[in-house]
Amino acid sequence: MTWKQLGRAFAIGTIAASMSANGALAEQAADKGGAPKIDPAAEAAMMAEMIKMGAPGPEHTILETQAGKWKTVSKSWMGPGEPDVSDGTADHEMILGGRFLMSRYHGKMMGQPFEGFSIMGYDRLAKSYNGYWIDTMGTAVYPMLKGTWDEATKAMTFNVDWPNPMGAGTMPYKLVTKFSGADAMVFMISMTHEGKEMPMTEVSYTRMK
């Protein structure tokens, strides 16, 4: 299969669901090379739609507001009582033509050096924010899927199932980032245990100038 044929196949696989609803996808038949045959006009329409959906949209401006260098104050609750408080820094950068936000965090956790890394994007086909988080506390990759943005409260929220720190299996977590203008935001993690939501981490960000 040639690169052109691969490009055609990728375009069909990516856009077919949305285009077929409008009747724009022509009937396909396999040729000797294994590439599907489609009408040139339909192929051009699919390629145009793929380019459109592959470009950053207005949802990506929410991610872009986080780009820059930040000072942080982190509060961590390991149980009842007062939280552990520590300072840190974060560096957020838009990558791949403004499609994804790459974030690196440096601070402390339980008195030890701590580093975390995340990639966040907005899937224009799935219509949701998605990403992952990794850090020096372990070897797991923590997915963040189906995130939503609330314009009224200026908050991005993820409801995820992550490993249970108190035993086997997983448990529900809520991740919320609230924005206070262009130069401040707060990130909060809570988990639900026995029907009760318990705070785990709160990180206050202040933009460096």
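Observations, loosely collected:
- Those residues of segment 92-106 which are more than 14 Å from the chain's Cα centre (by Cα), surrounded by fewer than 18 Cβ atoms within 10 Å (Cβ to Cβ) and in contact (Cβ under 8 Å) with a residue 24 or more places away in the chain, in sequence order: G97
Residue-by-condition table, conditions (1) at pLDDT below 80; (2) more than 30 Å from M110 (Cβ to Cβ); (3) in a loop (DSSP other than H, G, I, E, B):
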residue: Q5; (1), (2), (3): yes, yes, no
residue: A9; (1), (2), (3): yes, yes, no
residue: M19; (1), (2), (3): yes, yes, no
residue: G34; (1), (2), (3): yes, yes, yes
residue: M50; (1), (2), (3): no, yes, no
residue: I62; (1), (2), (3): no, yes, no
residue: V73; (1), (2), (3): no, no, no
residue: E82; (1), (2), (3): no, no, yes
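- Flag for A168 being farther than 26 Å from K71 by Cβ, among the aliphatic types (A, V, I, L, M), at pLDDT 95 or above and over 20 Å from the mean Cα position of the chain (by Cα): no
- Selection status of G107, in the same structural domain as F187 (by TED's automatic domain parsing) and not in a loop (DSSP other than H, G, I, E, B): yes
- For segment 107-118, the condition of being of a type in the set (A, V, I, L, M, F, W, C), over 22 Å from the mean Cα position of the chain (by Cα) and modelled with pLDDT of 95 or more holds for none of the residues.
The values are calculated or read from the model by the stated rules, or taken from the named source; none is laboratory data. Since the model is a prediction, treat every value here as computed from it, not as a measurement. No Cβ is skipped: glycine too gets one built from the backbone with ideal geometry, and neighbour counts run over all protein chains shown.
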